[in-house]
Amino acid sequence: MALLKKPADEFIVPSLAESSPEFADLIAKRHELEQSYSNLNAERSNLLDEIKAAKAAGGERLSAGVARLLGEKSGGTVTELSNRLHGVVAEMGVIEDTREVLRRRTDEARDKASKIICSATLPEYRRRLKSLCDAARALEAAREEHDALLDDLEREDVRLGYLGSVGPVRAHFLGDRREGRVFHFLKDVREAGFNV
């Protein structure tokens, strides 16, 4: 299947990371911390398993230093494993605290980057909003023409059931004819400060 190509003149919204090196750095730091936390969590699980195995063996394990001097492998005594476990859990706690600081800083950086992007995007947004408003006005005008014809038929006491297989179709989704959904949409656009 061929990939669809974007037209050369298509507007592309820049990412937050592209717009703000500060935001990009914070996201990279967050990923780095997540990886560290994942590694520590795996190590914590392994240490818990090793402590359980050491206790099941009656605690007859060589200390890491003694095993090293004897040229043997040893994960360490229950005490050494427990000490390492406490260190891992403490480091995980530090990462959790750091995550909260990063979350706040990322929110602040997201606001700054969002302002940059919105400022750069505003002309394109205005163009598309104008297009939407023009289409809404055209739809409202077409609905009025359609309803005017039905009004004329009703004034002549014509039975509308003969229009199509089930009678006329009305644009109820647009709401009231005078102040329906298009009216309120265009009002919202004006109140938002857009003169389109």
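The values are calculated or read from the model by the stated rules, or taken from the named source; none is laboratory data. Computed from a predicted model, the values in this text were never measured in an experiment. Cβ placement follows ideal geometry from the backbone for every residue including glycine, while neighbour counts extend to all protein chains displayed. For the accessible areas, the whole protein counts, side chains as well, though only heavy atoms, and no ligand, DNA or RNA atoms are used. Shrake-Rupley method; radii C 1.70, N 1.55, O 1.52, S 1.80 Å.
Condition check ((1) modelled with pLDDT of 95 or more; (2) surrounded by fewer than 15 Cβ atoms within 10 Å (Cβ to Cβ); (3) among the hydroxyl-bearing types (S, T, Y)) across all residues:
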site: R30; (1), (2), (3): yes, no, no
site: G71; (1), (2), (3): no, yes, no
site: T77; (1), (2), (3): no, no, yes
site: L85; (1), (2), (3): yes, no, no
- Query: Name the pairs: first residue in the range 155-183 and on the phi > 0 side of the Ramachandran plot, second residue exposed (fewer than 11 other Cβ atoms within 10 Å of the Cβ) and in a helix (DSSP H, G or I), Cβ to Cβ under 6 Å, at least 6 apart or on different chains?
  - Reply: G167/G161
- Only one residue in D97, D107 is assigned to a helix (DSSP H, G or I), of a type in the set (D, E), within 30 Å of A24 (Cβ to Cβ) and open to solvent by 70 Å² or more (accessible area, probe 1.4 Å), so which one is that? D97
- Item | Of all residues making up the range 110-140, the number that are of a type in the set (V, I, T) and open to solvent by 60 Å² or more (accessible area, probe 1.4 Å) | 1
- Hey, can you tell me all the residues within the range 11-26 that are in contact (Cβ under 8 Å) with a residue 24 or more places away in the chain, under 16 Å from R104 (Cα atoms) and open to solvent by 50 Å² or more (accessible area, probe 1.4 Å)? E22
- Task: Run down A142, A90, A120 and say which single residue is over 23 Å from the mean Cα position of the chain (by Cα) and more than 30 Å from A42 (Cβ to Cβ).
- Result: A142
- Output the number of residues of the range 142-196 satisfying the condition of being open to solvent by 100 Å² or more (accessible area, probe 1.4 Å) and part of a helix (DSSP H, G or I). 9
